[in-house]
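So the structure is just underneath, and the comments pick up after that.
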Amino acid sequence: MTVMTQPNVLLLTIDTLRADTLGCYGHPDNLTPNLDRLAAEGIRFTQAITGGSWTQAAMPVILTSSSASAYGGCLTALSPARPSPIEALAARGYSTAAFSTNPHLSPKTGYGRGFTHFEEFVPDERDPLLRNLSGGQRLLRNRIFHRIVTPLGIQLRPARVYNPAQEVTASACRWLDGVQAPFFGWIHYMDIHWPYHLEDELTQPDQLAAAWRDLAIMHQRASFKRERDITPEQRDRFLGLYLQALHYLDRQIGRLLDYLEATGLAENTIIVAVSDHGEEFLDHGRWGHWESNLYDEIIRVPLIIRLPQHGDATVIHRQVRALDLMPTLLALCRCPAPGSGNGLSRMEGTSLVPLWHQPAGSYEVTEAICEMHRPPWHRIAVRTSRHKYIWDNKQPQQPELYDLQADPAETTDVAADQAQRAEEFEAVVRRHLERVALTEPSELPDALELDDTTRRRLRALGYVD
């Protein structure tokens with residue numbers, strides 16, 4: 001295959017992926033051989049920091065290289081004032097396509113901008129009517145009930161709330177079959193987002209009953225509720241389901257990588273794997289990705305970039321930001337960055353390319369910012385390679401400060417003992433808020449109107465009450 005002058009790009013965003021569950025990031029089990037293969041052939045960043053603690057806040061940072069709270073925030077459709085690297089690539093002659101399984105990431109929410117092909121996956125399923133009847137959920141959680149009805153051909157499993165990776169990968173490969181190069185493809189996978197259940201595993205009566213019991217526990221302890229504690233046994237089950245789903249997802253990513261190799265596209269395709277945020281399993285007493293959690297189990301994410309003909313594995317320990325991803329890809333594609341000269345509508349990130357050049361070039365960024373912004377509540381984490389500072393506008397006089405070298409689990413707040421350092425970090429927060437204020441729209445954007453199907457999916461995924 002002839003190598004093209006402009007590289008292709010395939011961006012894989014994996015919802016809810018913790019860095020420490022990948023083998024290349026130290027997990028002892030062989031759960032992710034395909035993602036590990038990417039790392040073995042590419043560049044792995046050990047300290048990549050996302051820009052938001054849940055999908056709505058993280059994905060604008062990744063795809064537009066702008067802060068979650070900028071341009072009116074992240075709870076409505078993406079503002080057209082945000083920079084659009086995808087449009088810049090399309091103007092450069094790139095074929096662009098997106099494959100999204102998350103209802104927050106759709107043309108309705110502004111993510112179709114710059115894409116000539118956008119597939120939004122919406123599972124066409126409903127929960128059994130029994131779930132909404134008085135006493136119905138108790139029956140669905142009862143294994144004896146399923147042992148009675150399953151042999152009669154009645155299989156009452158929970159409805160899917162996202163399409164599985166197998167379907168998404170197959171659709172992406174069909175697009176790649178006919179695409180004109182160069183191309184930019186974005187695939188967003190949801191398989192390890194709770195409720196974690198794999199459809200193919202829910203066939204036996206005991207499995208079906210257990211799945212319904214899981215949902216009851218999850219919804220009582222979801223991001224928006226804390227009515228019951230999760231027991232260690234329940235935590236272990238959820239973590240086991242999560243890891244099982246991750247192993248399944250890795251196999252589907254392996255199918256995609258094999259396709260690229262078989263078609264010759266791998267010879268000139270940059271492949272990026274990154275997560276929008278992680279997941280907590282009682283690390284700090286909570287479960288899931290509760291939005292106010294700005295500890296490292298949520299904000300330190302895997303980031304792997306495989307370049308054509310890169311050679312041996314490269315590991316970069318310097319802290320970097322998800323904010324830097326699109327400037328990096330534009331630099332690799334030799335594509336001019338979008339934005340105006342007045343400082344607005346410009347990408348905030350910096351290219352990471354100098355970090356793997358020999359000798360290493362300059363990358364001067366030392367601070368990463370991650371936000372939880374649900375007005376009027378605003379929490380901001382400022383992270384360096386040594387410290388984490390967390391500011392909360394509800395209690396601005398009580399910040400948290402952690403020494404990540406001495407206390408990587410972030411268990412001991414040293415803000416009172418290191419008041420001067422805390423003040424220095426507070427100045428970083430003030431400067432960030434001032435930059436954000438420059439992008440405030442003259443009118444607040446309208447709230448998104450959700451149809452019944454979208455609202456049901458968001459509720460099942462823990463996004464709305």
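The values are calculated or read from the model by the stated rules, or taken from the named source; none is laboratory data. Fair warning: this is a prediction, and the values are worked out from it, not measured in the lab. Backbone-built Cβ (ideal geometry, glycine too); neighbour counts: all protein chains shown. The accessibility values were calculated without ligands, DNA or RNA, using every heavy atom of the protein model including side chains. Shrake-Rupley method; radii C 1.70, N 1.55, O 1.52, S 1.80 Å.
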Q. Counting Lys and Arg as +1 and Asp and Glu as -1, what is the net charge of the other residues whose Cβ lies under 11 Å from the Cβ of residue 150?
A. +2
Q. Tell me, what ³J(HN,Hα) does each residue in the stretch 128-144 have, in order and in whole Hz, if you take phi through Karplus 6.51 cos²θ - 1.76 cosθ + 1.60 with θ = phi - 60° and put x for Gly and Pro?
A. x, 4, 4, 4, 9, 8, 4, x, x, 5, 5, 5, 5, 8, 9, 5, 5
Q: Whole Å is fine, so just give me how far the alpha carbon centre of the stretch 228-280 lies from that of the stretch 6-72.
A: 11
(Q) Tell me the carbon and sulfur percent of the accessible area for the stretch 1-71, rounded to whole percent, probe radius 1.4 Å. (A) 52
Q) Across the stretch 22-27, in residue order, what do the Karplus-derived ³J(HN,Hα) couplings come to in whole Hz, using 6.51 cos²θ - 1.76 cosθ + 1.60 with θ = phi - 60° and x for Gly and Pro? A) 8, x, 5, 9, x, 5
**Q.** Relative contact order (percent, whole number), the stretch 364-448, Cα cutoff 8 Å, 6+ residue spacing
**A.** 17
Q. If we sort 128-134, 177-183, 47-53 on the protection proxy, mean other Cβ atoms within 10 Å, highest first, what's the order?
A. 47-53, 177-183, 128-134
(Q) With a 1.4 Å probe and all protein chains left in place, how much accessible area per residue does the chain have, in Å²? (A) 42
Q.
For residue 277, what residues show an amide H to amide H distance below 5 Å, using hydrogens built from the backbone and excluding near sequence neighbours?
A. 16, 17
Q) For the stretch 257-354, which trypsin sites (Lys or Arg not before Pro) are in a loop by DSSP, counting at most 11 other Cβ atoms within 10 Å? A) 334
Q. Are there chymotrypsin sites (Phe, Trp or Tyr not before Pro) in the stretch 236-281 that DSSP marks as loop and that have at most 16 other Cβ atoms within 10 Å, and which are they?
A. none
Q) When the accessible area of the stretch 251-315 is split by element with a 1.4 Å probe, what percent falls to carbon and sulfur? A) 46
**Q.** Relative contact order of the chain, defined on C-alpha pairs under 8 angstrom at six or more residues apart (%)
**A.** 27
Q | Mean separation of Cα contacts under 8 Å, 6 or more apart, over the residue count of the stretch 121-272: relative contact order % | A | 27
(Q) Distance between the C-alpha centers of the stretch 74-127 and the stretch 374-443? Whole Å please. (A) 31
Q: Return the long-range amide H neighbours of residue 346 (sequence gap of 5 or more, or a different chain), with a cut-off of under 5 Å between placed amide H atoms.
A: 340
(Q) How large is the accessible surface of residue 357 in square angstrom, using a 1.4 angstrom probe and rounding to the nearest 10? (A) 90
Q. Short version: ³J(HN,Hα) in whole Hz for each residue of the stretch 148-155, in order, from phi by Karplus 6.51 cos²θ - 1.76 cosθ + 1.60 (θ = phi - 60°), x for Gly and Pro, what are they?
A. 7, 8, 4, x, 7, x, 9, 10
**Q.** Percent breakdown of C-alpha pair distances by 10 Å bin, ordered from the shortest bin, for the chain
**A.** 4, 20, 31, 27, 14, 4, 0
Q. If we count GluC sites (Glu not before Pro) as exposed when they sit in a DSSP loop and have at most 15 other beta carbons within 10 Å, what is the longest stretch of the chain that avoids them all?
A. 228-363
Q: Could you list which residues have their amide H under 5 Å from that of residue 404, counting only those 5 or more apart in sequence or on another chain, with H placed in the peptide plane?
A: 387, 388
